[in-house]
Every structure is written in structure tokens, then in C-alpha cells.
Amino acid sequence: MSDPVAERIQSEITTNPVMLYMKGNAMFPQCGFSARVVQILTHLSVPFKTANVLEDPALREGIKQFSQWPTVPQLYVKGEFIGGCDIVMEMFQSGELTTLLSDKGIPHQIAA
Amino acid sequence: MAMVANEIEGLIKEALPDARVTIEDLAGDGDHYAAAVVSETFRGKSRVQQHQMVYAALRGRMGGELHALALQTSIPE
């Protein structure tokens, strides 16, 4: 059984250490929740890649199946699903996000 | 389609009977809510798993008729 969308996602989250599925792109987020995650990653100077689910209905549906998670944005670090906006926000505020990035060997720093 | 706050609370409590649920209608439009859910059943689960339990309780409405539910889960003190 092969599911091209799931294969695409698996390949993207494996190739890109920090991968964000979102509405819009990093320059022009098209949803407040997506914008907030971009803001956090940018604030931490984390290199990340994005995929715009609004441009691809199959991806928009497929990403929800893939993670069993009903909403976008979805953040993946080193192939692992970290969470959506609420969780990323909570982890950022508690400092867990920077710990996770350090543990996974992702370069980051607090923007001055 | 919007959902009313006590409908959301009802669905969560049906699935997690011990849950303490606080819902706030953020924009007053019946479409953007914040929910805080406190339940013993979250113990030992990751945040992703805790949120998935609440989403499961909402039976597919999340991401559909319920566009925006800011969710915060925790375990009773």
C-alpha cells in the first residue's frame, strides 16, 4: 500500500530537520496560528522549511491523517511531530523548545 | 458553522468525565475559543497525546466547524 502524500511528508520531514506545514509561507502567513509559529522559529533564528497546505488540497488533508492531528500548522523536528501552535507556544514560553532544539542538534539563538 | 461553548464542554466531559473544562469565547463570534482542560487521564501522556484526546472527544469537529480552539491541557495539582 503506498500513499504518495504520506510518502512525500515522510521524505520532507526526514530531509528537513525543521519542517513546518502551514497556511501561506514564512514571508506571508495566511493564518494567525501559522504566523505565530513562524514568529517563534524566526525569533530563535532556527533554519526551517515550510510547505503551504493552501496550495495543495491533498497535502492539506494528508498532513492531518499523517499525524492524526486535525489542524495546521504542524511542526516537525528531526522527523518527529512536535505539535501545533498552542504546544509550540507553550514550549517556547517554558523554555522546553530551546531544550528540544539543543537535544536534537538544531542550531538556534535568541535574536537580539 | 459555529459551535456553542457548552456543546464543546459537553463533548469533552462525555469523553473525559473527570475533566474540568473552562471555555472562553475569544472573539464573541462563536468560532474562536480557548479551552483549558484539566484531567487526571492526561497523567503520563505527552502534550501531543493530551491534545489528541481532546480532539478525539470533539469527534472530528476540530478543524472543521470548529476553526479555532486554542487548547491548554493539564493534570490536576
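The values are calculated or read from the model by the stated rules, or taken from the named source; none is laboratory data. Just so you know, these numbers come straight off a predicted model, no measurement behind them. As a convention, Cβ positions derive from the backbone with ideal geometry for all residues, glycine included, and neighbour counts pool all protein chains shown.
Name the residue, out of B:Gly44, B:Gly10, that is out of contact with any strand residue (DSSP E or B) (no Cβ under 6 Å at 6 or more places or on another chain), at pLDDT 90 or above and at positive phi.
Just a single option satisfies the conditions, and that option is B:Gly44.
Given the residues A:Gln68, A:Gln74, A:Gln30, which is the only one that is crowded, with 19+ Cβ neighbours inside 10 Å and within 21 Å of B:Met62 (Cα to Cα)?
A:Gln74
Under 8 Å between Cβ atoms, at least 6 apart or on separate chains: pull out the pairs that start in the range A:4-20 with a residue that is hydroxyl-bearing (Ser, Thr, Tyr) and end on any residue that is modelled with pLDDT of 95 or more.
A:Thr14/A:Gly79
Only one residue in A:Ala51, A:Ala112 is modelled with pLDDT of 95 or more, away from chain B (no Cβ under 14 Å) and over 17 Å from B:Gln49 (Cα atoms), so which one is that?
The conditions single out A:Ala51.
Take B:Val37 and tell me if it is of a type in the set (A, V, I, L, M), within 13 Å of chain A (Cβ to nearest Cβ) and either in contact with a Ser or Thr (Cβ under 6 Å, 6 or more places away or on another chain) or over 24 Å from A:Ile82 (Cα atoms) (or both).
yes
I'd like the residue in the range B:40-72 that is of a type in the set (S, T, N, Q) and within 8 Å of chain A (Cβ to nearest Cβ) and, out of all such residues, is nearest to A:Phe33 (Cα to Cα).
Across the range B:40-72, the extreme among qualifying residues is B:Gln72.
Can you pull out the residues in the range A:10-50 that are in a helix (DSSP H, G or I), of a type in the set (A, V, I, L, M, F, W, C) and touching a strand residue (DSSP E or B) at 6+ places or on another chain (Cβ under 8 Å)?
Within the range A:10-50, A:Ile13, A:Phe33, A:Ala35, A:Val37, A:Val38, A:Leu41 qualify.
Please list, ordered by residue number, the strands (runs of 3 or more DSSP E) wholly in chain B having 3 or more residues that are buried (at least 18 other Cβ atoms within 10 Å of the Cβ).
Output list reads B:32-38, B:68-74.
List pairs: first residue in the range B:33-46 and within 16 Å of B:Pro17 (Cβ to Cβ), second residue among the hydroxyl-bearing types (Ser, Thr, Tyr) anywhere in the structure, Cβ distance under 6 angstrom, at least six positions apart or on different chains.
The qualifying pairs are B:Val37/B:Thr73; B:Val38/B:Ser74; B:Phe42/B:Thr73.
Of the residues A:Ile87, A:Ile82, which single one is more than 11 Å from the chain's Cα centre (by Cα), within 12 Å of chain B (Cβ to nearest Cβ), of a type in the set (A, V, I, L, M, F, W, C) and within 17 Å of B:Tyr55 (Cβ to Cβ)?
The conditions single out A:Ile87.
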